Amino acid sequence: MLVASGDAPTCRILAAHAARRGWKVRTARDIAQAWNLLLEQPFDAVVLECRGPRFDGLKLTRILRGMSGPNQHTWIVGVTALHPRILGEADCLRAGMDRFLLKPVLREEFFQALPERSTV
């Protein structure tokens, strides 16, 4: 799993939750770094910050869904602290994300948003 957020505390918390559930986790400090990691290796799941200053998770999701390769169909969970009227679940799903979570992300909601693990 790849967890990417410019919000370091959120990134650490979500990565720790995933690791406790047995996921092998890589973290990225922003979406640009996540993009580089996604070009290097396949991931079973990706957790992305929906909005970023230069390059955001919505744009990265559209790119991944439009290209061929091992991460084209990777499970993507978007997270945001923005009010749902500004950025909502429909926006994330339209971009190609599989699930959407609002911050603060509760542990059980996070686990429910993740795919079934068959190849982790």
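Working only with C-alpha atoms, what are the Rg and Dmax values of the chain, expressed in angstrom?
Looking at the chain, its Cα Rg and Dmax stand at 12.8, 36 Å.
Rounded to the nearest 500, what is the 222 nm mean residue ellipticity of the chain from helices alone, with -39500 (n - 2.57) per DSSP H run of 4+ residues and division by all residues?
-11000 deg cm²/dmol
If each residue of separation counts as 0.36 nm, what is the full-extension length gain between Ala16 and Leu93 once their alpha-carbon separation is subtracted?
Full-extension gain reported as 25.2 nm.
Once you keep just the Cα pairs under 8 angstrom separated by 6 or more residues, what percentage relative contact order results for the range 18-84?
Reported as a whole number, the value is 32 percent.
Taking the beta-carbon count within 10 Å as an exposure proxy, list Met67, Met1 from fewest neighbours to most.
Final ranking by Cβ density, sparse to dense: Met67, Met1.
Bear in mind that the values in this text are calculations on the coordinates, not laboratory data. Remember, predicted model here, so these are calculated numbers, not experimental data. Note: ideal-geometry Cβ built from the backbone for every residue, glycine included; neighbour counts use all protein chains shown.
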